[in-house]
């Protein structure tokens, strides 16, 4: 006992000293003159948050202040360094991973009820017997319909851990009965490949919407299927593809380039370079390749286009691409949020940077570049594309290419203003075509049972009555009074394509649209009438 008592003064002394140190850190009576004189930049921000937490007159959500602070810092960097709040990180991670755990349905909140548009092909709901048009009323005994039900609540009830089960109560309108299903949650793919089919006997077509972790595997599978069908030529559609993982773009470029061809190199702030070369793995090195790009093809899409163009491989078709030559790395911030920070620039094999100019702290003009291109006529006329002669590069075969703001295609195709107009794009973004088609099909789900996909694509015509009903549907939802006289044909085509998607698959959707797509038709022309075309 005496031994223990001997150490009590020492313990007390240590505790007091520790308290003095901590008290010094939390001293809120410093004057403005010496407030931050001994603190680092990090300590400065930490102390400010502490002051607000402990001393500010009103209660403040300091988490939101931190978010604003982080965003404010990143706003003064480049346009692509971004903050990801923790409430968004899971969704973004799932999207870039290429799958999530769930039951596999595409649904439409129709009249406050979860209406199944189409179950995922091969997914757990389809295997269990869920059909398009089914209404999901309950999940594990909880109701998931009504005006007060949120999308977050629905997501929590339908998603869950892999291999866990959920019991669903479903109303099937066509049979006028309630049905019970037990569904085991599985990995549900978020597809990168929107379509893969043959345009001609020799020309395959693949449309990619992003470069996620699963994208290369999807691409390889689609390419192999097309090759089995006789594809010796390929149109890779990267229009409106915003990019994704750099490594996935490198793998896809490797499929087309011969061994040891340079794909790209990166350079960080210290000047350190990393070079990526093609390997022996390419399965389409001897094939004829066409890359479709437009003003929204960015980042990883530009890596592929630039690698092929600079190696005199294939033909780039379309309009000048977005112009993003920066590489980001995602870094966790410790509280469930993350930051994507630009860590290097990438350069095409000839050494050009295709990053368009930006001003730190003022990104408005950067993101309004599309309207600038539209205003100057660049989207309609190749001669309006402005190039900088000081950024001129030459490929091994002598073709002149330019840096400083996107990939300029070998073959220019102007924007199709009859189809790519603001009204139609607005209707598509709002989901009006999908919702309208769901309601049309819901009137009689058996009406198309005996129509094959081939017959539908080649022979079905959208009637005037359907167009009128769509017009009334849009005006009712939007509270407007618009008519579609000026672009009646485009509306018909999108209604038909959306019907095909809900009845059959995504391939049917793209096949219908591509029949009138000027860029796709240009590829077919080049590959058939001018098979030896070279730039």
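Side notes on the structure shown:
- Counting neighbouring Cβ atoms within 10 Å and putting the fewest first, the residues 252, 291 line up as 252, 291.
- Residue separation of residue 127 and residue 467 scaled by 0.36 nm, minus their Cα-Cα distance, works out to 118.9 nm of gained length.
- Length added when fully stretched, residue 176-residue 454, from 0.36 nm per residue minus Cα-Cα: 97.0 nm
- Paramagnetic label zone (point 7 Å from Cα along Cα-to-C-beta, residue 525; backbone N under 18 Å) in segment 283-319: 290-294, 315-319
- Between helix 464-478 and the chain there is an angle of about 20 degrees, using the helix long axis and the longest principal axis of the Cα atoms.
- The label point for residue 359 and the one for residue 312, both projected 7 Å from the Cα toward the Cβ, are 4.2 nm apart.
- Relative contact order computed over segment 333-461 (Cα-Cα under 8 Å; 6+ residues apart), in percent: 21
- Taking other Cβ atoms within 10 Å as a rough exposure proxy, 322, 110 sort from fewest to most as 110, 322.
- Helical content alone sets the calculated 222 nm signal of the chain at -11500 deg cm²/dmol, taking -39,500 (n - 2.57) per DSSP H segment of four or more residues and averaging over every residue.
- Computed from the alpha carbon positions, the gyration tensor of the chain leads to an equivalent ellipsoid with semi-axes of 46, 37, 24 Å, biggest first.
- P(r) tail, segment 363-462: Cα-Cα pairs separated by more than 21 Å, 61% of all pairs.
- Angle in degrees between helix 62-75 and the longest Cα principal axis of the chain, rounded to the nearest 10: 60
- Using the Cα coordinates of segment 154-285, the gyration tensor eigenvalues translate into equivalent-ellipsoid semi-axes of 39, 23, 12 Å, sorted from longest to shortest.
- Dimensions (Å) - segment 272-365, Cα atoms, principal axes, largest first: 49, 33, 26
- Sorted by Cβ neighbour density within 10 Å, fewest at the top, the residues 331, 208: 331, 208
- Principal axis dimensions, segment 99-189 - Cα atoms, whole angstrom, descending: 29, 27, 21
- Relative intensity of segment 45-108 on a log10 scale, I(q)/I(0) at q = 0.15, 0.27 Å⁻¹, equals -0.70, -1.16, per a Debye sum over C-alpha point scatterers of equal strength in the absence of solvent.
- Cα radius of gyration and Dmax for segment 193-415 (Å): 17.3, 54
- Relative contact order, percent, segment 193-415 [alpha-carbon distance under 8 Å, six or more residues apart]: 18
- Between the alpha-carbon centres of segment 214-275 and segment 304-366 there is a gap of 15 Å.
- A convex hull fitted to the Cα coordinates of segment 218-297 yields 107 cubic angstrom per residue.
- Only beta bridges with both residues in segment 153-287 are counted; by DSSP, about 75 percent of them are antiparallel.
- Within segment 170-211, backbone nitrogen closer than 19 Å to the virtual label 7 Å beyond the Cα of residue 444 toward Cβ: 173-176
- Each label point was placed 7 Å from the Cα along the Cα-to-Cβ direction; for residue 232 and residue 194 their separation is 3.0 nm.
- Note on segment 422-516: Cα-Cα pairs beyond 17 Å make up 48% of the total pair count.
- Looking at the chain alone, DSSP beta bridges between its own residues are antiparallel in about 75 percent of cases.
- Once the chain from residue 515 to residue 331 is taken as fully extended at 0.36 nm per residue, the excess over their C-alpha distance is 61.9 nm.
- Contact order, relative form, for the chain: 11 percent (alpha carbon pairs under 8 Å, 6 or more residues apart, mean separation divided by residue count).
- Pair residue 489, residue 477: separation of 7 Å Cα→Cβ label points (nm): 2.5
- Ellipsoid semi-axes for segment 312-429, based on the Cα gyration tensor and the rule √(5λ), read 27, 24, 14 Å when sorted largest first.
- Helix 2-25 axis, angle to the chain major axis (alpha carbon atoms, nearest 10°): 60
Rule-based calculations on the coordinates, nothing more; no lab input. Quantities reported herein were computed from a predicted structural model and do not represent experimental measurements. Backbone-built Cβ (ideal geometry, glycine too); neighbour counts: all protein chains shown.
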